[in-house]
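Peer 1: First the structure, then my questions, so here it is.
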Amino acid sequence: MALDALLDAIADQGWFIWDDFLAPEQVQRLSECVPEAWHRARIGRHDDVQREATIRSDKIQWLSQTMGQPIQDYLERMEQIRQTVNRDFFLGLFEYEAHFAKYEQGDFYKKHLDAFRGQENRKLTTVFYMNSDWQPADGGELKLYDLDDHLIETIAPVAGRLVVFLSEKFPHEVLTTNAERISIAGWFRTNGVTENKLDIAN
Ligand code: OGA
Ligand code: MN
């Protein structure tokens, strides 16, 4: 079963590609929830906009339960993953946050880590792709590296595919896309203290 394969892969190598995580008709239903309003993605709360634009050029919209049943179903699948991962790894994941991301022609996201040890509490990253008819010439691949900067995998953003990896262990980048590229990026977080405030209070 795919959930077992996910657990094994996270334990063995720290990352996993789950193809057909959602069936084409489910991806289609989710596509109908893609927002019309987008805003420029921020890297961190305090980074300046100029610098950010050189690192990433996608636009985002945070997911919320009110966006419709397909979103609620998606978040429910993530809740199942959260509970299963917690049971097996005692990771103490307590919350999931996710946003749609839209990359238009020419957009990219330079190599980065989603979490830095001691600073953030993002533990497990998920990226789900919604691009049916994706062609190799469309670019926009996700490249996953290890902490020694060795390339591990080049992953096409094809519809129905979910990528999961440990947030602190895998630098990654999104290559320039030549076609519109829609995804849902999400993070399971542990409860932690940032900037002298308990996260849960934010
Ligand atoms: C991110 C990210 C990867 C992707 O949003 O942090 O790295 O393939 N996304 O969209
Ligand atoms: Mn990332």
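Peer 1: To the nearest 20 Debye, how big is the dipole of the chain about its Cα centre, given +1 on the beta carbon of each Lys and Arg and -1 on that of each Asp and Glu?
Peer 2: Roughly 580 debye for the chain.
Peer 1: Between residue 31 and residue 83, how high is the FRET efficiency from 1/(1 + (r/R0)^6) when r is the Cβ-Cβ distance and R₀ = 35 Å? Nearest 0.05.
Peer 2: Efficiency, rounded to the nearest 0.05: 0.85.
Peer 1: Where in region 1-45 are there trypsin sites (Lys or Arg not before Pro) that are in a DSSP coil and have at most 16 other Cβ atoms within 10 angstrom of their Cβ?
Peer 2: Of the trypsin sites (Lys or Arg not before Pro), the ones in loops of region 1-45 whose Cβ has at most 16 other Cβ atoms within 10 Å are 42, 45.
Peer 1: Using a 1.4 angstrom probe on heavy atoms only, work out the carbon and sulfur share of the accessible area of the chain in %.
Peer 2: Exposed carbon and sulfur together represent 48 percent of the surface.
Peer 1: When only C-alpha pairs under 8 Å and at least 6 residues apart count, what is the relative contact order of the chain, in percent?
Peer 2: Reported as a whole number, the value is 27 percent.
Peer 1: Find the accessible area per residue for the chain; the probe is 1.4 Å, ligands and nucleic acids are left out, and the unit is Å².
Peer 2: Ligands and nucleic acids excluded, the result is 52 Å² per residue.
Peer 1: According to a simple spin-label model (label point 7 Å from Cα along Cα-to-Cβ), what is the distance in nm between residue 53 and residue 110?
Peer 2: So the two model labels end up 1.4 nm from each other.
Peer 1: Can you find, among 72, 96, 165, the residue farthest towards the positive end of the dipole of the chain? Put +1 on the C-beta of Lys and Arg, -1 on that of Asp and Glu.
Peer 2: Checking the options against the dipole of the chain, the answer is 96.
Peer 1: Pop the C-beta distance of residue 62 and residue 2 into the FRET formula with R0 = 35 Å and round what comes out to the nearest 0.05.
Peer 2: 0.85
The values are calculated or read from the model by the stated rules, or taken from the named source; none is laboratory data. Just so you know, these numbers come straight off a predicted model, no measurement behind them. Note: ideal-geometry Cβ built from the backbone for every residue, glycine included; neighbour counts use all protein chains shown. Ligands, DNA and RNA are stripped out before the accessible areas are found, and what is left, the full protein with its side chains, is counted by its heavy atoms. Shrake-Rupley method; radii C 1.70, N 1.55, O 1.52, S 1.80 Å.
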